[in-house]
Amino acid sequence: MASSITENLLLLTDSYKVTHHLQYPPNTTAVYSYFESRGGKFPSTVFFGLQYIIKKWLTGQVVTKEKIQEAKDLYHLHFGADYFNEEGWNYILENHNGCLPVRIRAVPEGSVVPYKNVLFTVENTDPKCFWLTNYLETLLVQVWYPMTVATNSRYQKEIIAKYLNETADNLDSLPFKLHDFGFRGSTSVESAGIGGAGHLVNFQGTDTIAAIAVARKYYGCKIAGHSVPAAEHSTITTWGREGEKEAFTNMLTHFPKGIVSIVSDSYDIWNACENVWGQQLKSLVEKRDGTLVVRPDSGEPTEVVIKVLNILGDKFGSKKNSKGFKMLPPYLRIIQGDGISYETLEAILEVMKKNSWSAENIVFGSGGALLQKLNRDTQKCAFKCSYALINGKEVNVYKQPVTDPGKKSKKGRLTLEYSDGQYRTVEEGKGDPKKDVFVTVFENGKLLKDYTFDEVRANAEIDLLKKPS
């Protein structure tokens, strides 16, 4: 019996691509295509997630008789005609044991590459399977998602690092400064996993367990992210308005050591900070073996964060660090998890700096803006054919629409060269192989390069934290 319809590679394409084997020029034997970020919100892109797609969908025998029959039946119903390339898929089954005769070359995962540069290329390795290259476009282009999450997350890391560098004694806390709250806001468990893994390229704090599972299964990382006991409104409000102190006490009692995060704005955040934390439970907080993280969860973040810091500073005291910025006692911190995005982070950290509070005092949590408020156009991701072999003649293929110069595509076989600290895409086969940073990651059904999560993280590290070579 055929596998689940969503697990059949032959069905993981756009409908119109099913007819494309009939549309290429006669005697086409090679089609070569590439993927790039051709612009977008951020000037550079963190390349991440291709290995997930390769391992999950492309390795080994992915074509079977059952899958061919399933696809044939569905496409006949879908089109009302027999456009499906049954002969081509049977050829792959019979001559390649159901493995894909395709080569994929890519920049190392985690690489930070300025947009308008090629990120990976795809080509058929069997002349009879020229049609296969772009049949795979639909699936391969979905790398845009983990790649864009990783990019968005890294740019936020740079903002936080900048303010830590200016207002804190060190950057030791940076890996845990942006926590992933995005699981529930994702479109699916799979998207939460691969998007959340993209965030973990840059940080180590997450509540998205699916992301840990993806990093573990597809990048060999035993544990990519960490979390702490934390309250939500239901675990506080079920005690009733008059029972807020008891709810807080219960948290401190059940979690007497380490970090514990407690949402404190169920009713009145100012009263919670000034009276409940600052008076009624003050000695318990001070004596506890660990850190209490107070969480406001509503209001204008730039106003709420400063007021909470000022109240807690008045009640628990504060000291100036080596750079002259105020620090709460080490047993007390705050987390802002509402309204956090690339656009809001800097405003919060800037107002903290202007009020002489170190960025060390705060942790951020982000959900929808971290994993969901992104799309393929955020980094203008595109997959285009740039080269073909027709009647034995090499053809440089490109598009150049008169209505949009930004959509002009690249020509010929491509290399991504790195020299003098700069990336440069060289077109029309004129590149220097010695400078080409591309790695063959997949060929004829086999994964040829298996990146570890540590390798990806090292490649993606921000300049401020890179060790001198």
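The values are calculated or read from the model by the stated rules, or taken from the named source; none is laboratory data. Only a predicted model underlies this, so the values are computations on that prediction, with no experimental measurement involved. When we count neighbours, we look across all protein chains shown, and the Cβ atoms used for this are built from the backbone with ideal geometry, even at glycine. Ligands, DNA and RNA are stripped out before the accessible areas are found, and what is left, the full protein with its side chains, is counted by its heavy atoms. Shrake-Rupley method; radii C 1.70, N 1.55, O 1.52, S 1.80 Å.
Taking amide H positions as modeled 1.01 Å from N, with prolines and chain starts lacking one, the residues under 5 Å from residue 179 and 5 or more places away or on another chain are 364, 365, 366.
Annotation: amide H-H contacts under 5 Å for residue 381 (H modelled 1.01 Å from N, sequence separation of 5 or more, or interchain): 38.
All alpha carbon pair distances within the range 297-373 were sorted into 5 Å bins beginning at 0; the resulting P(r) in whole percents reads 3, 15, 28, 24, 16, 9, 4, 1. Near the amide H of residue 125, within less than 5 Å, lie the amide hydrogens of 102, 103, all on another chain or at least 5 residues away, with H placed in the peptide plane.
Taking each residue as 0.36 nm, the span from residue 166 to residue 289 lengthens on full extension beyond its C-alpha to C-alpha distance by 41.4 nm.
Extent along the principal axes, Cα only, for the range 47-95: 39, 25, 15 Å, with the longest axis given first. Structural descriptor for the range 153-249: relative contact order 20 percent, calculated from alpha carbon pairs under 8 angstrom and at least 6 residues apart. Average projection, convex hull of the Cα set of the range 260-326: 5.0 square nanometres.
With one equal scatterer per alpha carbon and no solvent term, the Debye-computed log10 I(q)/I(0) for the chain at 0.08, 0.11 1/Å reads -0.57, -0.91. The distance separating the Cα centre of the range 151-174 from that of the range 1-77 comes to 39 Å.
Taken along the Cα-to-beta-carbon direction at a fixed 7 Å, the label points for residue 350 and residue 454 span 4.0 nm.
Around the Cα centre of the chain, unit charges on the Cβ atoms of Lys, Arg, Asp and Glu (plus for the first two, minus for the last two) sum to a dipole of about 1000 debye. Taking every C-alpha pair closer than 8 Å and separated by at least 6 residues, the mean separation divided by the residue count of the range 415-469 gives a relative contact order of 24 percent.
Model label sites at residue 242 and residue 72, defined 7 Å from Cα along the beta-carbon direction, differ in position by 7.6 nm. Each part reduced to its alpha carbon centroid, the range 182-230 and the range 343-405 end up 20 Å apart. Across all directions, the shadow cast by the convex hull of the range 210-332 built on its C-alpha atoms averages 9.8 square nanometres. If you wrap the tightest convex hull around every Cα atom of the range 412-460 and split its volume per residue, you get 100 Å³. Over 24 Å, how big is the tail of the calculated P(r) for the range 132-265, in percent of all Cα pairs? Summing the P(r) of the range 132-265 above 24 Å gives 47 percent of all pairs. Computed from the Cβ-Cβ distance with R0 of 45 Å, the FRET efficiency linking residue 15 to residue 271 stands at 0.15.
Considering the range 97-138 at the alpha-carbon level, its Rg and Dmax are found to be 12.7, 39 Å. Taking θ as phi - 60° and the Karplus parameters 6.51, -1.76 and 1.60, the scalar couplings of the range 181-192 work out to 10, x, 3, 5, x, 7, 6, 6, 4, 5, 5, 4 Hz in sequence order, x denoting glycine and proline. Over the range 343-417, Cα pairs under 8 Å with separation of 6+ residues give a relative contact order of 17 percent. Mean residue ellipticity, 222 nm, helices only, the chain: the sum of -39500 (n - 2.57) across DSSP H runs of n ≥ 4, divided by residue count and rounded to 500, is -9000 deg cm²/dmol. What the phi angles of the range 338-352 give under the Karplus curve with 6.51, -1.76 and 1.60, with θ = phi - 60°, is a coupling list of 10, x, 9, 7, 4, 6, 9, 4, 5, 4, 5, 5, 5, 5, 4 Hz, glycine and proline written as x. Among residues other than residue 168 whose Cβ falls under 9 Å from its Cβ, what is the net charge (Lys/Arg +1, Asp/Glu -1)? Overall, the nearby charge balance is -3. Remark: the range 151-165, residue by residue, has Karplus-estimated 3J(HN,Hα) of 5, 4, 5, 5, 5, 5, 4, 5, 5, 4, 4, 4, 6, 5, 4 Hz, where x stands for each Gly or Pro and the curve is 6.51 cos²θ - 1.76 cosθ + 1.60 at θ = phi - 60°. Using only side-chain charges placed at the Cβ, +1 for Lys and Arg and -1 for Asp and Glu, the dipole size of the range 322-467 relative to its Cα centre rounds to 300 debye.
In units of the compact-protein estimate 2.2 N^0.38 Å, the range 221-278 shows a Cα radius of gyration of 1.27.
In the context of the full set of protein chains, the chain has a per residue accessible area of 45 Å² (1.4 Å probe).
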